[in-house]
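Nothing in this text is a laboratory measurement; each read-out follows from the coordinates by a stated rule. As the structure is a prediction and not an experimental result, all values here were calculated from the model. Reconstructed Cβ throughout: ideal geometry from the backbone, glycine too, with neighbour counts over all protein chains shown.
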Amino acid sequence: MKLIKTLRWFGENDAITLSDIRQTGAKGIVTALHHIPNGEVWSVDEILKTKHQIESYGLSWEVVESLPVTEEIKKASDLRDTHIANYKESIKNLGKCGIKTICYNFMPVLDWARTDLNYALENGAEAMYFSVNLFAAFDLFILRRPNAEKSYSITQIAKARELFDSLSEEEKDKLGYNIIVKTQSFIDGVIKEGEKNYLTIFNNLLRAYNTINKNKLRENLSYFLNEVIPVCEEYGVNLAVHPDDPPFPLLGLPRIVSSEDDFEWLAKACPSLHNGITFCSGSLGAKKENNLTKLFQKYAERVHFIHLRSTKVLDNGDFFETAHLDESVDLVSVMKAIIEEQLRRKQTGRKDYNIPMRPDHGHKMLDDFKRKANPGYPLIGRLKGLAELSGLELGLKFMIKNK
Ligand code: DNO
């Protein structure tokens, strides 16, 4: 019984190669068919090409991250049913090829958000940081989203203004580009690398959600799940929703996978265990009220994929990605709960007790500075996380067994 150690790979364009990954101790790959446009069918042929390529390195394709749920499905436009039909076809094809875990998210427009991709740590490594006030500055004065001021208090607006005024023109451009394009394009975001008109396009995408509140977005997720989960059941595939990152509303958009309350709703909306969760400790951990261990324990039976990293939340609400095993975040008790869940699955005859896990993100360190990896996905930083987490798992398992 063990967690399946995986690393994410972004395909041919990734500066980190499969032969790098196989030296890290990871056995599994987490990837997607990034060359297929969002909303189109993943054919058996295309799936097998990537699967065989991964296997030629002695690795296995464990998880799809992500099979993108399009904006059309999220906002229930006229194209929704066509995209859902294509999604079902892709699930079927993945199932036939033996790839049984699919991660996806239901965040409108923006997949994840950070304001600084190169936050300098004391030891010389770099992490990713989210500043509440800088994000507000982006929203109010760079994006100039209509009615944005309604999302902030007067004090926040004043702080954002002060910050904005302190930025050079170059820094302003970089902030907007990083939030809208750089952190999104490589994970199949809606705006592609090199797009010049990104501010206008982004504002238009946001505008489509003016009439979609939390309840409506929940309705759209429920509709999607009740369509696709029967196909998952038929082909033995598990879906695993990724939590919102960060787990609080941004840009006036609704958020529906951020908290215990949301997980409760999700489980009720479609009770099948194929309707599962990607337990991402780093995303969930950016909300102080989320008790990671309790949250894991309560929804453990639905967890089909695990992302482990630690998030340090500061008093002003800012957060940054601290070392994977930073003691201020109790991943030791999360890992213990994971092992207990594996034991429970084994004892109750569930076959999926070897849950896939990846160290999520990683600090940029050492030789990482010589390579152009995607933000959050350097090699050495993730290798360090993987090694630490694997040791933690082994030690805890030993203790639990010999108790
Ligand atoms: C960022 C990732 C997310 C995640 C998607 C899953 O590093 O955690 O992009 O892959 O939200 O759909």
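Tabulated data
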item	result
Built amide H within the under 5 Å cut-off of His242, gap 5+	Tyr104, Asn105, Phe106, Thr278
Proximal aspartates and glutamates to Lys370, defined as alpha-carbon separation beneath 18 angstrom and excluding residues fewer than eight positions away on the same chain	Asp14, Asp20, Glu126
Convex hull volume of segment 9-148 per residue (C-alpha atoms, cubic angstrom)	147 Å³
Helical contribution to [θ] at 222 nm, DSSP H n ≥ 4, -39,500 (n - 2.57), averaged over the chain, rounded to 500	-12000 deg cm²/dmol
Isotropic mean projected area of the C-alpha convex hull, the chain (nm²)	19.3 nm²
Net charge dipole size for segment 166-314 [Lys, Arg +1 and Asp, Glu -1 on Cβ; Debye, nearest 20]	360 debye
Normalised alpha carbon radius of gyration of segment 235-332 [divisor 2.2 N^0.38 Å]	1.08
Distance between segment 193-227 and segment 333-402 - C-alpha centres, whole angstrom	32 Å
Electrostatic dipole magnitude of the chain [Cβ: Lys, Arg +1; Asp, Glu -1; Cα centre; debye, to 20]	1040 debye
Extreme residue, positive dipole direction of the chain, given options Tyr198, Ile212, Leu392 (C-beta unit charges)	Leu392
Residue order, fewest to most beta carbons within 10 Å, for Met1, Met357	Met1, Met357
Segment Gln23-Arg371, extension gain: residue separation times 0.36 nm, minus the distance between their alpha carbons	123.6 nm
Point-to-point label distance, Arg344-Glu171, nm (Cα→Cβ direction, 7 Å offset)	4.8 nm
The chain: relative contact order in percent, alpha carbon pairs under 8 Å with at least 6 residues between	18 percent
Segment 209-323: relative contact order as a whole-number percent, Cα under 8 Å and 6+ apart	25 percent
Length added when fully stretched, Glu55-Asn123, from 0.36 nm per residue minus Cα-Cα	20.8 nm
Candidates Asn220, Asn291, Asn204, ranked by Gaussian network fluctuation over the chain, Cα under 10 Å, top entry	Asn204
Of Lys96/Lys268; Lys150/Lys312; Lys92/Lys336; Lys288/Lys397, those spanning more than 31 Å from alpha-carbon to alpha-carbon	Lys92/Lys336
Under-5 Å amide H pairs with Thr101, H placed in peptide plane, nonlocal only	Val64, Asn238
Relative contact order (%) - criterion: Cα under 8 Å, at least six apart; region: segment 318-403	31 percent
Cα convex hull volume per residue for segment 228-288 (Å³)	88 Å³
